[in-house]
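The values are calculated or read from the model by the stated rules, or taken from the named source; none is laboratory data. In this text the structure is predicted, and so the values were computed from the model without any measurement. All Cβ positions, even for glycine, are placed from backbone atoms using ideal geometry, and neighbour counts span all protein chains on display. Please note that ligands, DNA and RNA were not included when accessible areas were found on the heavy atoms of the full protein model with its side chains. Shrake-Rupley method; radii C 1.70, N 1.55, O 1.52, S 1.80 Å.
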Amino acid sequence: MLTRLREEAATREGDLAVLRERLDVAEHELDDLRAIRDALTPPELPKRPGLELAAVFEPAATERVSGDFYLVAEGPRESTVLVVGDVVGHGLTAARRAAFVRTTFVVTAPFSDDPCRLLNWANTALIERAGTSTDFVTAACVTYLPGEQRLRWAYAGHPPALRLDGGGELTAPSQGTLLGTREDVGCVEGSLQTRPGMGVLLYTDGLTEARHAGEQFGLDGVSVALAGLLQPSPSEAITTLRARVAEFASGHLTDDLCMLAARID
């Protein structure tokens with residue numbers, strides 16, 4: 001009996017050691033997830049000349065980290081580069097891919113305020129790193145040059161940015177292809193001369209594709225929410241949309257929600 005008890009005790013000690021090792025691995029992975037999440041969607045945005053900014057990230061109920069990201073970066077001649085992107089899939093692999101693409105935008109933003117050029121540079125870096133792949137990335141890139149009061153935008157397979165007043169789409173002459181799938185994105189930029197008070201909203205499809213009883217929130221839901229506001233600040237617009245989507249989906253998001261809003265001072 002004593003021998004059997006000693007064997008059982010030894011077995012339990014071995015099981016406890018395995019359990020401790022798994023807990024250590026899980027804790028390290030959780031630290032990695034938190035670090036990547038904070039890098040992809042930082043809670044504080046930098047101050048940029050001529051712009052008021054706000055952003056929000058709301059993960060889906062089942063996800064701790066995702067491939068959604070946003071970026072506000074300094075461009076040349078005091079311009080500002082705004083990017084929102086989405087990597088196909090979820091989890092740590094998608095988040096790491098998103099972190100790489102976001103870092104590429106950070107590194108290249110100081111050299112150009114041309115949104116198509118920035119998207120092509122990100123695409124080239126992604127393909128050089130991993131080759132063409134079905135693990136694609138979508139991105140919307142908007143740049144604002146205060147000296148010329150000009151807004152420029154281009155897309156790589158991503159939903160067009162919206163006007164902060166009313167929700168109308170800022171469409172481009174040609175929608176580019178998904179990042180990481182072919183060597184040339186093929187986008188054509190749109191642009192306009194801005195005026196004080198104009199605003200823009202970049203977002204991932206977690207906004208329009210929020211669901212309730214088989215129905216999507218859609219662009220109509222976004223437009224109705226924004227139309228009910230009178231020249232909202234970026235923070236007010238995002239807070240309202242976040243609340244409307246949560247209400248529509250009964251508090252259960254099936255995809256991550258990422259929004260970045262800007263209004264020209």
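Rg of the Cα atoms in region 209-265, relative to 2.2 N^0.38 Å, amounts to 1.15. Annotation for Gln149 and Leu192: the two label points, set 7 Å from Cα along the Cα-Cβ direction, are 1.4 nm apart. Of all beta bridges that DSSP places with both ends in region 95-252, some 95 percent have antiparallel geometry. Of the residues Arg182, Arg263, Arg242, ranked by 1.4 Å probe accessible area with the largest first, the sequence reads Arg182, Arg242, Arg263. With a/c under 1.5 counting as rounded, go ahead and sort region 104-241 into rounded, prolate or oblate using the C-alpha gyration tensor (a ≥ b ≥ c being the square roots of the eigenvalues; past the cut-off, prolate if a/b is larger than b/c, else oblate). Because a/c hits 1.5 or more and a/b fails to exceed b/c, region 104-241 counts as oblate. Projecting label points 7 angstrom from Cα along Cα→Cβ for Thr134 and Phe111 puts them 3.3 nm apart. Measuring between their Cα centroids, region 161-220 and region 94-109 lie 20 Å from each other. Accessible surface of region 124-202, 1.4 Å probe: 46 percent of it comes from carbon and sulfur atoms. The slack between Arg242 and Ala227, meaning 0.36 nm per residue of separation minus the straight C-alpha distance, is 3.9 nm.
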